Amino acid sequence: MSVFDNIKTVAKERGLSLQVTAERAGLSKNAIYQYKNGKNPSLETLTKIADVLNVSTNRLINNSDDKTIQPNVETDNSIEGIKKRLVSYGGHPVTDHDAKLIKQYLDTLYEGRE
């Protein structure tokens, strides 16, 4: 299933139309329909939609059975792990170089935090 199909399915399960889902996510009311033709949302947009639907972005991307966002889960913080979670940004794919910079930034940001 496509990202559009997954969003549509979950929205229907929640009793929401795609227009209402988009508006609650702070998007134009027809924004989600652009994904019907194969265009993929940015990670930021996908996260907003997932928050409205109370599911993980993973559920919307590949329709996994992970239906809720799990706080404090162990994650793969390697460059490959970052690339898997951050498929694209601003309509552009995340490269190895991008993932390395993101990892360096996050390592610095969270340095010393427990």
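The values are calculated or read from the model by the stated rules, or taken from the named source; none is laboratory data. These figures come from a predicted structure and were not determined experimentally. Please note: Cβ atoms are built from the backbone with ideal geometry, for glycine as well, and neighbour counts cover all protein chains shown.
For the stretch 58-75, does any single residue satisfy the condition of being polar (S, T, N, Q) and at pLDDT 85 or above? Quick ask: steps written out before the conclusion?
Filtering the stretch 58-75 down to residues polar (S, T, N, Q) leaves 58, 62-64, 68, 70, 72, 75.
Narrowing further to those that are at pLDDT 85 or above: 58.
Checked the stretch 58-75: at least one residue is polar (S, T, N, Q) and at pLDDT 85 or above.
Give me a count of the residues in the stretch 16-30 that are at pLDDT below 90 and within 24 Å of Val94 (Cα to Cα).
Restricting attention to the stretch 16-30, the residues satisfying the condition of being at pLDDT below 90 are 29-30.
Of the ones still in play, those that are also within 24 Å of Val94 (Cα to Cα) are none.
Of the residues in that region, 0 qualify.
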| note | Matching residues in the stretch 1-50 (touching a residue at least 40 places away in the same chain (Cβ under 8 Å) and in contact with a helix residue (DSSP H, G or I) (Cβ under 8 Å, 6 or more places away or on another chain)) number 11
| request: Enumerate the pairs (first residue in the stretch 95-114 and part of a loop (DSSP other than H, G, I, E, B); second residue anywhere and modelled with pLDDT under 85) with beta-carbon separation below 9 Å, excluding pairs fewer than 6 apart on the same chain, so at least 6 apart or on different chains. | output: Thr95/Lys83
